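Quick notes on the structure that follows.
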Amino acid sequence: MKSLLTILLAFFFALNSSAQELKNSINFQVGSAIPIGQYSQTDNSNNASYATTGIYLQADFLHTINKLYIGGQLSLFTNGFNTDEYDANIEKQSASFLSSTNGGGYAGLGISATWGYNFYSSGNTVVGGHLKIGYLSYGIGELQTTLSGGGNTFKFITASSAISALTGTLGIQLKSNFSNNFSFLASLDYMFAKPTFENVLFTQYTNGNYTSRSSLDGYIKVRNIIPSVGIGYNF
């Protein structure tokens, strides 16, 4: 009887201890979206996207069980367009023309599921690695380029477009509790996606008069390194 009672008590305390390790958190982070690879290239190749560093915002909910955590995330990022390099490359190819480009830029709104594992802990601080997989709504801003030379002016307009794609993120996060309910967060992530666009309108004007219209197809290899910091509320 004593043995059975001992087992039941041990089982009860084990359940109680495990339950205390179940924690929820709502987190908010802000950082930079730093393009890499083809996404940041400015070499005038077909794969160059001329992306520049933008902002990154993230809100997520996480549920932690011992060292594992799962949850969902909503994120927003922007990347600019390197118009200076774009114009310089056009002028290299057309030495008798001056190029002036406005607009461009990229933005993405994503929703993802998160899976993570805290592989290190010390005091009130834990460090974990995570994988995020989700859906990205991706926008490309309108791009206008004007070429002037030889008494003529040519204007090219690439229309804005909105496309979607699967997206993934691999990263590492440090979380340090500075009170019972609040924590400091610091993350470093690698985000990737490959949105494909079709039938994007490309219009040409010559000396202010409409000349032609065509459509563009292709894809963009979105690659961002994202350092971010934030605050979390634990409950």
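Going residue by residue through the stretch 176-188, is there one that turns out to be in contact with an Asp or Glu (Cβ under 9 Å, 6 or more places away or on another chain) and touching a residue at least 40 places away in the same chain (Cβ under 8 Å)? Quick ask: steps written out before the conclusion?
Let us first name the residues in the stretch 176-188 that are in contact with an Asp or Glu (Cβ under 9 Å, 6 or more places away or on another chain), namely none.
No, there is no match, as no residue in the stretch 176-188 is in contact with an Asp or Glu (Cβ under 9 Å, 6 or more places away or on another chain) and touching a residue at least 40 places away in the same chain (Cβ under 8 Å).
What residue, of S32, S49, is assigned to a strand (DSSP E or B), of a type in the set (S, T, Y), more than 30 Å from G150 (Cβ to Cβ) and out of contact with any Leu (no Cβ under 9 Å at 6 or more places or on another chain)? If you could, list the steps in order and put the result at the bottom.
Values: S49 fails: assigned to a strand (DSSP E or B).
Being assigned to a strand (DSSP E or B), of a type in the set (S, T, Y), more than 30 Å from G150 (Cβ to Cβ) and out of contact with any Leu (no Cβ under 9 Å at 6 or more places or on another chain) holds for just one of S32, S49, which is S32.
Does G171 satisfy the criteria of being surrounded by 15 or more Cβ atoms within 10 Å (Cβ to Cβ) and either free of Cβ contacts under 8 Å to residues at least 60 places away in the same chain or not charged (D, E, K, R) (or both)?
Numbers: surrounded by 15 or more Cβ atoms within 10 Å (Cβ to Cβ): yes; either free of Cβ contacts under 8 Å to residues at least 60 places away in the same chain or not charged (D, E, K, R) (or both): yes.
It is true that G171 is surrounded by 15 or more Cβ atoms within 10 Å (Cβ to Cβ) and either free of Cβ contacts under 8 Å to residues at least 60 places away in the same chain or not charged (D, E, K, R) (or both).
Please verify whether the stretch 129-145 includes one or more residues that are part of a strand (DSSP E or B), closer than 20 Å to G54 by Cβ, among the acidic types (D, E) and free of Cβ contacts under 8 Å to residues at least 60 places away in the same chain.
no
Only one of G104, G72, G110, G129 is closer than 17 Å to L174 by Cβ and surrounded by 14 or more Cβ atoms within 10 Å (Cβ to Cβ). Can you tell me which? Let's see the steps before the verdict.
On the way: G104 fails: closer than 17 Å to L174 by Cβ; G72 fails: closer than 17 Å to L174 by Cβ; G110 fails: closer than 17 Å to L174 by Cβ.
Checking each option against the conditions leaves just G129.
Kindly indicate whether G104 is under 30 Å from G232 (Cα atoms) and of a type in the set (G, A, S). It would help to see each step written out before you state the result.
Numbers: under 30 Å from G232 (Cα atoms): no; of a type in the set (G, A, S): yes.
In short, no.
Can you pull out every residue in the stretch 199-223 that is part of a strand (DSSP E or B), under 27 Å from L166 (Cβ atoms) and not acidic (D, E)?
N199, V200, L201, F202, S215, L216, G218, Y219, V222, R223
So how many residues does the stretch 143-184 have that are over 20 Å from N207 (Cβ atoms) and among the aromatic types (F, W, Y)?
3
Among the residues of the stretch 75-111, which ones are farther than 21 Å from I140 by Cβ, in contact (Cβ under 8 Å) with a residue 24 or more places away in the chain and hydrophobic (A, V, I, L, M, F, W, C)?
F97, L98
Could you list, in sequence order, the residues of the stretch 142-159 that are among the small types (G, A, S) and under 15 Å from R213 (Cβ atoms)?
We begin by selecting, within the stretch 142-159, every residue among the small types (G, A, S); these are 148-151, 159.
A159 - this is the single residue of the stretch 142-159 that is among the small types (G, A, S) and under 15 Å from R213 (Cβ atoms).
Can you tell me which residue among F192, F184, F235 is of a type outside the set (D, E, K, R) and at pLDDT below 95? Give the derivation first.
On the way: F192 fails: at pLDDT below 95; F184 fails: at pLDDT below 95.
One residue alone meets the criteria, F235.
Go through the stretch 113-123 and give me each residue that's of a type in the set (S, T, N, Q) and either surrounded by 14 or more Cβ atoms within 10 Å (Cβ to Cβ) or touching a Lys or Arg at 6+ places or on another chain (Cβ under 9 Å) (or both). First the steps, then the outcome.
Step one: filter the stretch 113-123 for residues of a type in the set (S, T, N, Q), giving 114, 118, 121-122.
Once the filter is applied, which keeps residues that are of a type in the set (S, T, N, Q) and either surrounded by 14 or more Cβ atoms within 10 Å (Cβ to Cβ) or touching a Lys or Arg at 6+ places or on another chain (Cβ under 9 Å) (or both), the stretch 113-123 yields T114, N118, S121.
The values are calculated or read from the model by the stated rules, or taken from the named source; none is laboratory data. These figures come from a predicted structure and were not determined experimentally. Virtual Cβ from ideal backbone geometry, glycine too; neighbours counted across all protein chains shown.
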